[in-house]
Amino acid sequence: MGKQVKVATIAEIPQGSSKIVEVEGEPIAIFNVNGKFYALHNTCLHRGGPLGEGLVNDSELTVECPWHGWIYSLESGEAKFNPEFKVKTYPVKVSGSDILIEV
């Protein structure tokens with residue numbers, strides 16, 4: 001089991017929004033979709049686009065890279081067109097009003 005790190009509070013990431021944080025030198029995007037939080041490495045595998053600035057599809061639980069349209073699952077990090085491409089995901093825990101990720 002990794003180390004849990006506080007990355008934000010619930011108030012900082014309202015429903016339907018995201019926040020980009022840096023933890024141990026890694027850029028991580030935190031998403032609030034329908035009241036549940038997801039964390040992905042913020043860098044698209046295609047050309048390094050910022051996933052935290054991408055368009056989220058609430059019903060499919062995906063994020064689309066704003067640069068070239070690659071789509072990733074918020075749950076698994078897998079690219080929708082080819083599951084062999086996968087960005088790192090991080091377990092998220094809410095403790096009181098704090099959002100923690102495991103690194």
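The values are calculated or read from the model by the stated rules, or taken from the named source; none is laboratory data. Quick caveat, the model's predicted, so the values are computed rather than measured. For neighbour counting, all protein chains shown are included, and Cβ atoms are generated from backbone atoms with ideal geometry for every residue, glycine included. Calculation scope for accessible area: heavy atoms of the full protein, side chains included, ligands and nucleic acids excluded. Shrake-Rupley method; radii C 1.70, N 1.55, O 1.52, S 1.80 Å.
Here is how the numbers come out for the structure above:
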quantity	calculated
Tally of residues being part of a loop (DSSP other than H, G, I, E, B) and either touching a Lys or Arg at 6+ places or on another chain (Cβ under 6 Å) or surrounded by 13 or more Cβ atoms within 10 Å (Cβ to Cβ) (or both) across the stretch 1-26	2
Among (1) in a loop (DSSP other than H, G, I, E, B); (2) open to solvent by 50 Å² or more (accessible area, probe 1.4 Å), the one test that Val94 misses	(1)
Qualifying residue in the stretch 73-86 (condition: part of a strand (DSSP E or B) and farther than 17 Å from Ile30 by Cα)	yes
Looking only at the stretch 46-71, and only at residues there that are hydrophobic (A, V, I, L, M, F, W, C) and out of contact with any Ser or Thr (no Cβ under 6 Å at 6 or more places or on another chain), the one that is nearest to Lys86 (Cα to Cα)	Trp70
Every residue from the stretch 67-83 that is hydrophobic (A, V, I, L, M, F, W, C) and modelled with pLDDT under 95	Phe81
Extreme residue, least open to solvent (accessible area, probe 1.4 Å), among residues of the stretch 49-72 that are outside any strand (DSSP E or B) and in contact with a helix residue (DSSP H, G or I) (Cβ under 8 Å, 6 or more places away or on another chain)	Cys65
